[in-house]
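*Asks:* Mind looking over this structure? Questions follow.
The values are calculated or read from the model by the stated rules, or taken from the named source; none is laboratory data. Note that the structure is predicted; figures quoted are calculated from it, not measured. Don't worry about glycine lacking a Cβ; one is built from the backbone with ideal geometry, like all the others, and counts go over all protein chains shown. Accessible surface is based on the protein model in full, side chains and every heavy atom, while ligands, DNA and RNA are left aside. Shrake-Rupley method; radii C 1.70, N 1.55, O 1.52, S 1.80 Å.
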Amino acid sequence: MAVKMTKVINELPGLRKAAEQVRDILLANVVMMGEIPAPTFKEENRIRFLHDRFSESGLQDCSVDEVGNGFGVLPGEEGGDHVLLIAHADTIFDEKVDHTVSIQSEWITGPGVGDNSLGMAVLATLPMLMKQVDFKPRSNMILMGASRSLGRGDLEGLRFFLENNRLPIRCAVCMEGVQLGRLSYSSLGMLRGEIHVRVPEMYDWTRLGAAGAIVMLNDVINRINQIRLPKRPKTSIVLGSIRGGTSFNTIATNSVLRFEIRSESADVVRSIHEQIEDAISEISSETNADVKLDILARRKPGGIGFRHPMVRCAREIMRAMDVEPRIAPSTSELSALIDHKIPAITLGISTGDQLNQLNERVRITPMFSGVAQLMGILKAVDGGLCDED
Amino acid sequence: MKIDHWLKENTFHHGSYWDFRHMVDAKERQDLSISLCIPTLNEEKTIGKEVVIFKSELMSRYPLLDEIAVIDSGSTDNTREVASSFGADVYLASDILPEAGEKRGKGENLWKAIHQLKGDIIVYVDADIKNIHPRFAYGLVAPLIYRQEIKYVKAFYDRPLAFSTGIRPSGGGRVTEILVRPLFSLFFPELTAIIQPLSGEYAVRREVLEAIPFPIGYGVETSHLMDVYKRWGLEAFGQTDLDQRVHRNQPTRDLGKMSFGIIQTFLSRIKSLGMVPDLPDLNSTLRQFQSRDGTFEQVEYEIVEEERPPMIEIPAYQKKFGRHL
C-alpha cells in the first residue's frame with residue numbers, strides 16, 4: 001500500500017499543473033454556473049447547464065432525475081462498483097438577486113461562488129481534466145449535481161438518489177467550494193427548525209399586554225439560552241436568523257426564528273428538542289399567541305473514523321500539497337451517505353471569504369491545489385487504497 | 001418590401017448557432033481565421049471575465065477564435081495586466097503603427113486592430129458587458145461563416161418588457177431612436193432595418209474593414225453602416241439577436257456628446273456622398289448648461305470627429321498583409 005500511495009503523492013505536482021492548464025475552463029465554469037440562479041427547489045437551469053457540460057464531455061447516461069438531480073457517468077475500465085462524486089447545486093440566494101460574477105487577478109466574486117458554484121464547476125471540469133492527465137479509472141465514476149440540498153431542501157436530492165439507486169456505491173466524495181483543507185468524514189446529529197410566533201388578529205392587547213410577536217420571540221430565545229449544554233458530547237445551538245414585524249411603530253404580529261441544534265449525540269439533540277418544545281408550549285399558553293415549532297431537517301450522528309483508510313489517504317495527500325487538514329464534522333451531504341453506510345468525505349476546493357453574502361469570493365490560485373487534491377484522492381480511491389480491510 | 005425581405009433573411013438569433021462543432025468544422029473547411037478584438041480604457045473590473053469566458057468557450061473547448069486581443073487606449077488601472085494574466089494578447093494602441101501617430105478614441109483602437117490582428121474576420125466586443133457570454137462572439141461570427149454574401153454582422157439586443165399584446169416595440173437605445181433612426185429614415189431608409197445601429201458588437205470581414213475609413217470617436221458605427229451600405233448594399237449586412245446586454249447606463253449629458261459626434265460624422269458623410277452638397281463649415285463645440293448658485297453657465301466641450309483613412313491605403317499594412325489598393 002505504501003508504494004502505491006507514494007505513487008499517488010508523486011503524481012500530485014503533475015495533477016496541479018494539469019489543473020492550472022485548464023484554468024480558463026474551470027473559471028468560465030464557475031462564472032457560468034454562478035450566474036445561473038439556483039435557489040433551493042429551483043435548480044433546473046443550473047442542472048441543465050451541468051448536464052450539457054457532461055454530455056459535451058462524452059459522459060454516459062447523462063440525465064436529470066425526477067427531483068432534479070443531474071448525472072453523468074464516466075465508465076471505468078473494469079466497472080462493477082461505483083465512486084460517487086457530488087456537489088450540491090443550490091444556493092441560498094433568491095433568483096431575483098443580481099448573480100453577476102466578476103473576476104479579478106486573484107479573486108472570483110459573486111453570490112454563491114464558494115457555496116457552491118466552484119464545487120459544481122469542478123464537477124463540470126473533471127471529465128476534461130481526467131482526459132488530460134490520462135486518468136482512466138477502474139471503477140465507474142458517477143458525477144452528480146445534487147438538487148434540494150440546503151435549508152428546507154434537507155438533502156432531498158441526494159436522499160432520493162440513494163433510496164432509489166440500484167448501483168453498488170463503494171464510496172463518495174462531496175465537493176464544497178470552500179474552504180481548502182476541509183476534511184469532513186463524520187456527521188453531527190442535527191435538528192433544524194423554525195419557531196413561528198403569530199399574534200391572532202383579534203388579540204386582546206389590554207388583557208394580555210402589548211408585547212407583540214418580537215418580544216414573545218425574545219422570551220423564546222431567553223428560554224433557549226437557559227438550556228444547559230454538555231461539554232461532552234460536543235453540542236451547540238445555533239440561532240441562525242430572526243425576522244418579524246413590518247415597521248417602526250406597529251406592534252409586530254409575527255416573528256420567526258431559525259435555529260439548529262448540533263451534537264455528537266442523538267440523545268442530546270432529542271433532549272434539547274424536547275426542552276425547546278416545552279418552552280414554546282409554556283409561552284404559548286401564557287400569552288395566548290400562536291407559537292409553533294416547524295422541524296425542517298434532522299440528521300443522525302455517525303460516519304467513518306479518523307483512521308479509516310479514506311481519511312488517512314486524504315490527510316496524506318493534503319499534507320503533501322502543504323494543505324493543513326481541518327477536521328470538521330458536517331451536517332451536509334455526508335450525513336445522507338452515512339445513513340446509507342457509504343464511506344464518504346467532504347473536501348473544500350479553495351479559500352474564500354464573505355461567505356453567503358452577495359460579495360462572496362474565492363481565491364483563484366488555491367483552486368489548483370484543491371483540484372489536484374481531489375484528483376489525488378480519486379486515484380487513491382480507484383487504486384483501492386481507501387478500502388477498509 | 002426590400003426591408004421586410006432583408007429582415008426575414010438576414011436577421012438571426014444566437015440560439016440558432018448552438019452546434020459549435022458544426023460551426024468550427026465549417027470555419028475550418030473555409031480555412032478562415034477569426035480574431036476577437038476588445039477595445040479597452042480602464043476596464044479592469046470586467047475584462048478578466050470577458051477574456052476567461054471567450055478563451056474557455058471559443059478557444060480551448062471549441063477552436064472558433066484564433067486570437068483574443070485587447071487593444072488598450074492607455075488605461076491607468078490594471079486593465080492590461082488583468083487581461084494579459086488571463087491569456088489575452090494585449091496591445092497598447094499607441095504602439096501599433098506608431099508612424100501613423102496617436103489619436104484618442106475607441107475608433108482608433110478598432111482601426112489599429114485591423115493592422116495588428118491576423119484574422120480574415122474580426123469580431124469587436126466592448127469590454128463593459130456585465131453579462132458576458134460566448135454568444136457575444138459566436139452569434140456575430142456564425143452568419144459570416146455560413147453565408148458568404150454577408151460581410152458585416154451587427155448585434156442587437158431585445159429588451160423584453162411586459163406588453164399586453166403580441167406586438168411590442170423593439171429597438172435601440174435613446175440615441176438610436178431619437179437621432180440615428182430618424183436620420184436614416186430621411187437619408188438611408190433601408191438602414192433603418194438595422195435594429196441597433198450603434199451597438200458596439202459586430203463581426204466584419206477583413207476585405208470590408210480595410211476598405212472603409214474609421215472615425216475615431218462616437219461616429220464610427222454610424223459611418224460604417226453608411227459606407228458599407230453605399231458600397232455593398234443592404235444584402236451585405238446581417239444582424240443577430242443576442243438577447244440581453246447588461247452594461248453601464250450613460251447619463252443624458254454624455255448621450256448629448258455622443259449625439260454631437262454622430263451628427264458631425266453623419267453630415268460629413270452625406271456631404272462627401274454628394275447628398276447635401278452645400279453644407280457650411282460646422283462648429284465643433286458642444287455647449288451644455290448647468291446652474292450654479294441660481295445662475296446658469298455654459299459648459300463647452302470640443303468634440304472633433306477625426307477620421308482614419310481606409311487601412312488598405314497604409315503602406316505598412318499593404319506590406320504586412322500583401323494587399324494593395
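*Asks:* Among A:128, A:120, which is in contact (Cβ under 8 Å) with a residue 12 or more places away in the chain, open to solvent by 10 Å² or more (accessible area, probe 1.4 Å) and touching a helix residue (DSSP H, G or I) at 6+ places or on another chain (Cβ under 8 Å)?
*Replies:* Numbers: A:120 fails: open to solvent by 10 Å² or more (accessible area, probe 1.4 Å).
From the options A:128, A:120, the qualifying one is A:128.
*Asks:* Could you run through the range A:15-29 and say how many residues are assigned to a helix (DSSP H, G or I) and facing chain B (nearest Cβ under 9 Å)?
*Replies:* First pass over the range A:15-29, keeping only residues assigned to a helix (DSSP H, G or I): A:15-21, A:23-29.
Among the residues that remain, those that are also facing chain B (nearest Cβ under 9 Å) are: A:23-29.
Of the residues in that region, 7 qualify.
*Asks:* Can I ask one more? Collect the residues in the range B:106-125 that are open to solvent by 30 Å² or more (accessible area, probe 1.4 Å) and under 26 Å from residue B:18 (Cβ atoms), keeping them in residue-number order. Don't jump to the end; show me each part of the working.
*Replies:* Residues of the range B:106-125 that are open to solvent by 30 Å² or more (accessible area, probe 1.4 Å), as a first pass: B:106, B:116, B:118, B:120.
B:120, the sole residue that qualifies.
*Asks:* Could you identify the single residue in B:221, B:300 that is open to solvent by 50 Å² or more (accessible area, probe 1.4 Å) and modelled with pLDDT of 90 or more?
*Replies:* Details: B:221 fails: open to solvent by 50 Å² or more (accessible area, probe 1.4 Å).
The unique qualifying residue is B:300.
*Asks:* Quick check on this structure: which one of A:195, A:92 is assigned by TED's automatic domain parsing to the domain that holds residue A:268 and either under 30 Å from residue A:275 (Cβ atoms) or modelled with pLDDT under 95 (or both)? Walk me through how you get there before you give the answer.
*Replies:* Values: A:92 fails: assigned by TED's automatic domain parsing to the domain that holds residue A:268.
Every option except A:195 fails the conditions.
*Asks:* Just need a number here: residues in the range B:19-51 that are among the hydrophobic types (A, V, I, L, M, F, W, C), buried (at least 24 other Cβ atoms within 10 Å of the Cβ) and closer than 23 Å to residue A:30 by Cα.
*Replies:* 4
*Asks:* I would also like to ask the following. Would you please list the contacts, defined by Cβ atoms under 9 Å and residues six or more apart or on different chains, that run from a residue in the range A:30-55 that is assigned by TED's automatic domain parsing to the domain that holds residue A:117 to a residue that is aromatic (Phe, Trp, Tyr) and modelled with pLDDT of 95 or more?
*Replies:* The qualifying pairs are A:32/A:49; A:33/A:49; A:36/A:49; A:37/A:93; A:38/A:93; A:39/A:93; A:51/A:71; A:54/A:71.
Okay, residues lined up against (1) within 14 Å of chain A (Cβ to nearest Cβ); (2) assigned to a loop (DSSP other than H, G, I, E, B):
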| site | (1), (2) |
| --- | --- |
| B:6 | no, no |
| B:16 | no, no |
| B:26 | no, no |
| B:37 | no, no |
| B:65 | yes, yes |
| B:81 | yes, no |
| B:99 | no, no |
| B:114 | no, no |
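*Asks:* Could you check the range B:261-281 and list, in sequence order, the residues that are under 13 Å from residue B:184 (Cβ atoms), part of a helix (DSSP H, G or I) and either open to solvent by 40 Å² or more (accessible area, probe 1.4 Å) or modelled with pLDDT under 90 (or both)?
*Replies:* Answer for the range B:261-281, where residues must be under 13 Å from residue B:184 (Cβ atoms), part of a helix (DSSP H, G or I) and either open to solvent by 40 Å² or more (accessible area, probe 1.4 Å) or modelled with pLDDT under 90 (or both): just B:263.
*Asks:* Next question, about the same structure. Exactly one condition in (1) open to solvent by 10 Å² or more (accessible area, probe 1.4 Å); (2) within 10 Å of residue A:333 (Cα to Cα) is false for residue A:166; which is it?
*Replies:* (2)
*Asks:* Follow-up question, since we're still on this one. Assuming residue B:158 fulfils every condition listed in (1) charged (D, E, K, R); (2) at pLDDT 95 or above; (3) under 27 Å from residue B:251 (Cβ atoms) apart from one, which condition is it?
*Replies:* Tallying (1) charged (D, E, K, R); (2) at pLDDT 95 or above; (3) under 27 Å from residue B:251 (Cβ atoms), residue B:158 fails exactly one: (2).
*Asks:* Next question. Give the residues of the range B:50-63 that are more than 7 Å from chain A (Cβ to nearest Cβ) and over 13 Å from residue B:138 (Cα atoms), sorted by residue number. Talk me through it step by step, then tell me what you get.
*Replies:* Step one: list which residues in the range B:50-63 are more than 7 Å from chain A (Cβ to nearest Cβ), which gives B:50-51, B:54, B:58-59, B:62-63.
If the condition is that a residue be more than 7 Å from chain A (Cβ to nearest Cβ) and over 13 Å from residue B:138 (Cα atoms), then B:50, B:51 are the ones that fit.
*Asks:* Does the range A:91-117 hold any residues that are more than 14 Å from chain B (Cβ to nearest Cβ), touching an Asp or Glu at 6+ places or on another chain (Cβ under 9 Å) and open to solvent by 20 Å² or more (accessible area, probe 1.4 Å), and which are they?
*Replies:* Within the range A:91-117, A:92, A:115 meet the criteria.
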